[in-house]
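Colleague: This is the structure I have questions about; it appears just below.
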Amino acid sequence: MAVDARETARARGLFLNAPDRPEFHLTVVDYVVRQFPQPGAEVPRDSMVYVWFDFGDGEGGGGVREPRVPRPPKGGLQRELDRPGDAFEVSSL
């Protein structure tokens, strides 16, 4: 949340900037969706860390969902076809 991000940055001697929130100092309950530099990157004390609370155009905001690729076949299970010339060929009556 915005409050946690500010407190964490202050505790580590960093400055926080939110380009998508001009009233960032008033923001309390908003979730950080990305930051630069990336989390865990080593930066010198008194560095500026940029955080964003909204996704940009075309990034979506539907949460973390990965597509299922390849998609499962339609129609349920399918029987494997017999090989031509199979000695144990299954015949239908």
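Quick note: the coordinates plus some simple rules give every number you see, no bench work behind them. Predicted, not measured: the structure shown is a model, and the values here were computed from it. FYI the Cβ positions are ideal-geometry reconstructions off the backbone, even for glycines, and counts take in every protein chain you see.
Colleague: Considering amide H positions built from the backbone, and no H for Pro or chain starts, which residues 5 or more places from LEU14, or on another chain, come under 5 Å of its amide H?
Modeller: Hits under the 5 Å cutoff: ASP46.
Colleague: List, in order, the whole-Hz ³J(HN,Hα) value for each residue of segment 47-52 obtained from phi through the Karplus relation with A = 6.51, B = -1.76, C = 1.60 and θ = phi - 60°; use x for Gly and Pro.
Modeller: 7, 9, 10, 9, 10, 10
Colleague: Right, here's the next one. What Kirkwood radius, in Å to one decimal, follows from the Cα pairs of segment 4-53?
Modeller: 11.1
Colleague: Taking loop as defined by DSSP and a crowding limit of 11 other beta carbons within 10 Å, which GluC sites (Glu not before Pro) in segment 1-53 fit?
Modeller: Working: sites: GLU7, GLU23, GLU42; in loops: GLU23, GLU42.
Within segment 1-53, the qualifying GluC sites (Glu not before Pro) (loop, at most 11 other Cβ atoms within 10 Å) are GLU23, GLU42.
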